[in-house]
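The values are calculated or read from the model by the stated rules, or taken from the named source; none is laboratory data. Remember, it's a predicted structure, so these values are computed and weren't measured experimentally. Positions of Cβ are generated from backbone atoms using ideal geometry, with glycine treated the same way; all protein chains shown enter the neighbour counts.
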Amino acid sequence: MAELHDLTALEQWRLLQKGDIGVLELTEHYLARIERLNPSLGAFHEVTADRARTRAHEVEATVPRTTTLWGLPFGDKDLVRRRGVRTTFGSRVFEQFVPEESDEIAEVLDEAGGVSLGKTATPEFGLPSYTENLVAPPARNPYDLDLGPGGSSGGAAVAVAAGLLPFAPGSDGGGSIRIPAAATGLVGLKPTRGLIPASSGIGTLAGLGVGGPLARTVADAALLLDGMIAPSGGAPRHHFSLRAPSNVEGPYLGAAIRGEGRFQIGVLLDSPWQLDYEITIDPEVRETFEQTVELLADLGHGLETLSLLPSPEYGPAFRTIWQAGAAMLPVDETNEHLLEPLTLWLMRRGRELPATQLMDALQKLSAFERSVISQFASFDAVLTPTLAMPPRPIGWFDAVDAELNFAQQVQYTPFTSFVNVSGLPAITLPVGATSAVGAASVVGAAEGGLPIGIQLIGRPGGEATLFALGRQLERRLQWYDVHPPAFSA
């Protein structure tokens, strides 16, 4: 007999709607799994069991069932402030910080009827693409506990992949949803800049960071995205001038369930980082990518090889923005000794930047955005690998040499950050797995293998197309049946 976490988030939501299970019952199920499995996985920095139980009673008693996520558990990434809950930002500087106010995205998820179970693990201030910090034990990949889940939404990915949550919100400023989703066999979506009012990217430096969902299925990711956009099931929480056109077809869940359409897809193996660093795609990653191209052709889509125009300005400009972002950390000489070496290096470099260099970087990235959108204009979606390598071992990223650390991150994740710069939507899908004998294969054919993801990049506002393509691949590959060992524990 299936346990509750064996069901998709959408199936759990339907049971809640019919009254076949209660909100408190579902909450207790996940709290019990977290208590049993989190010590070995490191998915949560903070578990708020009593608050979750109180919230479950509140949802059942006072929150309308018409809200988008009614009764479904989730976890706040530990970069998101929730009033009265310890929020560390993955840093010893804020190890005991308890905010008096909540961030808007936390309020939106509450308004949508969700039940927060705690704070999911993140690296220091969400800056690296791996989830290791000095506040808590590292987040561990449930497929192999010696490996990391990527970052910075690594704790969220571990929790969903191991069945500690049905889905989870994350944030993505350079790949921080897609990287851990790919490393743990999940669906992860970075939305178009501006699509989610409470986590839009508008107003952030270079507009890089947006919120989005991590889930086991395409429909579950669409369900959570709908809740983040329109918590009450109607119009968005508030309106602004968005780059993304509104989804005139209604909630994205419909597109994810239908999975309809034939599309023109660009096939891309270039990275704008390849002029600055040696980018090597792992043979199994490349083989999975090629198999996905063949599968999309079998599904009736048009495919065309695409090459990026050389962008020598991209790497230096992105480095400048990354450093400038760290310059704004609320840290001074009294507590900077608590920072990790990478963060300290980024902060100091950022504070040394002249304003002219920052403005030049912003202008160059804006021009890069326009160029990429123009180059992709004839395609409904563009296919790339999500990561250049399978999941990395814990401790693989250099903890002392910041320049080497940055290079390692670029070489692991050369296909993600340019999508943030471009403001485009992108989805990662768990289409493949490594094999013990060194031959990659589609999902399900490599028992005991490590997940391999591919990335589909859409047009501005093209999330419905990405969900449709994802659902078509999901029907064929049935990756929702593949789980890490911890899932059955």
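Which of the residues that make up the stretch 121-153 are polar (S, T, N, Q) and touching a Leu at 6+ places or on another chain (Cβ under 8 Å)? Steps first, answer last, please.
Taking the stretch 121-153 first, the residues polar (S, T, N, Q) are 122, 129, 131, 133, 141, 152-153.
Hits for the stretch 121-153 are THR122, ASN141, SER152, SER153.
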In the stretch 128-177, what residues are under 27 Å from LEU4 (Cα atoms) and of a type in the set (Asp, Glu)?
-> ASP144
So which of GLY151, GLY227, GLY203 ends up being of a type outside the set (A, V, I, L, M) and either surrounded by fewer than 24 Cβ atoms within 10 Å (Cβ to Cβ) or in a strand (DSSP E or B) (or both)?
-> GLY203
For the stretch 435-444, does any single residue satisfy the condition of being at pLDDT 95 or above and either under 20 Å from ARG140 (Cβ atoms) or touching a helix residue (DSSP H, G or I) at 6+ places or on another chain (Cβ under 9 Å) (or both)?
-> no
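Would you call PHE397 surrounded by 17 or more Cβ atoms within 10 Å (Cβ to Cβ), over 22 Å from the mean Cα position of the chain (by Cα) and not β-branched (Val, Ile, Thr)? Break it down into steps so the answer makes sense when it comes.
Details: surrounded by 17 or more Cβ atoms within 10 Å (Cβ to Cβ): yes; over 22 Å from the mean Cα position of the chain (by Cα): no; not β-branched (Val, Ile, Thr): yes.
So PHE397 does not fit the description; no.
With LEU338, LEU362, LEU346 as the choices, which residue is crowded, with 20+ Cβ neighbours inside 10 Å and farther than 30 Å from PRO430 by Cα?
Working: LEU338 fails: crowded, with 20+ Cβ neighbours inside 10 Å; LEU362 fails: crowded, with 20+ Cβ neighbours inside 10 Å.
Exactly one residue qualifies, and that residue is LEU346.
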Restrict the check to the stretch 44-61 and report whether at least one residue is over 21 Å from ALA136 (Cβ atoms), surrounded by 16 or more Cβ atoms within 10 Å (Cβ to Cβ) and polar (S, T, N, Q).
-> no
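Hey, among the residues in the stretch 400-422 that are aromatic (Phe, Trp, Tyr) and not in a loop (DSSP other than H, G, I, E, B), which one's surrounded by the most Cβ atoms within 10 Å (Cβ to Cβ)? Outline the logic, then answer.
Within the stretch 400-422, the subset aromatic (Phe, Trp, Tyr) is 406, 412, 415, 418.
Now narrow it down to the ones that are not in a loop (DSSP other than H, G, I, E, B): 406, 412, 418.
Values: PHE406: 20, TYR412: 23, PHE418: 26.
Only one residue tops the list, namely PHE418.
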Residue count, the stretch 117-132, condition closer than 19 Å to PRO39 by Cα and touching a strand residue (DSSP E or B) at 6+ places or on another chain (Cβ under 8 Å), comes to 6
Within the stretch 291-338, which residues are under 25 Å from GLY209 (Cα atoms), part of a helix (DSSP H, G or I) and among the β-branched types (Val, Ile, Thr)?
-> THR320, ILE321
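Inside the stretch 339-354, can you point out the residues that are part of a helix (DSSP H, G or I) and either in contact with a Lys or Arg (Cβ under 7 Å, 6 or more places away or on another chain) or not small (Gly, Ala, Ser) (or both)? Give the steps one after another, and end with the answer.
From the stretch 339-354, those part of a helix (DSSP H, G or I) are 341-352; that's our starting set.
Hits for the stretch 339-354 are PRO341, LEU342, THR343, LEU344, TRP345, LEU346, MET347, ARG348, ARG349, ARG351, GLU352.
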